[in-house]
Amino acid sequence: MAEPLIIVNLKAYAEGMGEGAGIIAAAAEEIGEESGVAIGVAPAYTDLHPIAMHYAVPVYAQHIDGVAPGAYTGHVTAEQVRAAGAFGTLINHSERRLTLAAIEASCAAARKSDLQTVICTNNAATTAAAAALSPDYVAIEPPELIGSGISVSKADPGIIERSVLAVKNVNPGVRVLTGAGISTGECVRIALELGTDGVLLASGVVKAKDPAAVLRDLVSLI
Ligand code: G3P
């Protein structure tokens, strides 16, 4: 297994914007250094540049459009987020779904700009399709558990196992993350034991009173 990766998606949560984004990025930097676990953050576009400039953490865009620079009002290109300091990008998050063709285009654009690619999926079949596009990671997240506080590791370990197997069969070089309801070190430990390379989570950290304490717990059993 590659070095485990934890990505905290700040979504459009009020707690995860502006100063809140800085607090979470600072905690990710500190606990990442302490533990040796890579902890990335995916802030809103409006916070991407300041977070990338001020904190030594891998920063991910939450989405990019698969278009080249040009006349695309309201689009966000791989070049733009790369220039703003992004290390990678989520693609096809459940809250920002794309067609298969658009996923492929976003992935190709990201690759061209040297962005690490994390394609989010909702079941084993879409995980297999995503793996065929050769992203760096697929992140399997059952939509019904997202934001629920109920951990995919405990509520639906089968979907993780099936997704890990699907990736192994289709494109074994692709790494696997899982997410939805992850909030404790035990959730992370189970996810890793099921064959993933880490987790993608949001509310458990972003909405916590003490995000640093949650991050410390998340890495505690790795
Ligand atoms: O991108 C992470 C995600 O959708 C899971 O959200 O709040 O269940 O950790 P949450």
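Please give the length that would be gained between Glu79 and Glu3 if that part of the chain were fully extended, namely 0.36 nm times their separation in residues minus their C-alpha to C-alpha distance (nm, one decimal).
In short, 24.7 nm is gained.
Lys pairs in the chain, Cα-Cα under 27 Å, at least 8 apart or on separate chains: how many?
Pairs that pass both the separation and distance tests number 8.
Evaluated at 25 °C with a viscosity of 0.890 mPa s, what Stokes-Einstein diffusion coefficient in µm²/s does the stretch 79-148 have when Rh comes from the Kirkwood expression over alpha-carbon pairs?
200
So, how do all the Cα-to-Cα distances of the stretch 69-201 break down into 5 Å bins, in percent, from 0 on up?
2, 11, 22, 22, 19, 13, 8, 3, 1, 0
How many angstrom lie between the C-alpha centres of the stretch 23-54 and the stretch 107-131?
First find each Cα centre; the distance between them is then 22 Å.
Explain nothing, just the number: relative contact order of the chain, from Cα pairs under 8 Å at least 6 residues apart, as a whole percent.
19
Could you check how many percent of all C-alpha pairs in the stretch 1-115 are farther apart than 17 Å?
Summing the P(r) of the stretch 1-115 above 17 Å gives 54 percent of all pairs.
What's the Cα-based Rg to Rh of the stretch 115-191, Rh via Kirkwood?
On the Cα set of the stretch 115-191, Rg over Rh gives 0.96.
Spin-label point model (7 Å from Cα, Cβ direction): what's the Arg216 to Ala26 distance in nm?
Calculated label separation equals 1.5 nm.
Can you sort Thr121, Thr73, Thr178 so the residue with the fewest Cβ neighbours within 10 Å comes first?
Lowest count first: Thr73, Thr121, Thr178.
Give or take rounding to whole Å, what are the principal axis extents of the alpha carbon atoms in the stretch 25-69, in descending order?
39, 18, 13
Send over the semi-axes of the chain's equivalent ellipsoid, whole angstrom and largest first, taken as the square roots of 5 times the C-alpha gyration tensor eigenvalues.
Working through the eigenvalues yields semi-axes of 24, 22, 14 Å.
Quick note: the coordinates plus some simple rules give every number you see, no bench work behind them. Quantities reported herein were computed from a predicted structural model and do not represent experimental measurements. In this analysis, Cβ positions are derived from the backbone assuming ideal geometry, glycine residues included, and neighbour counts consider all displayed protein chains.
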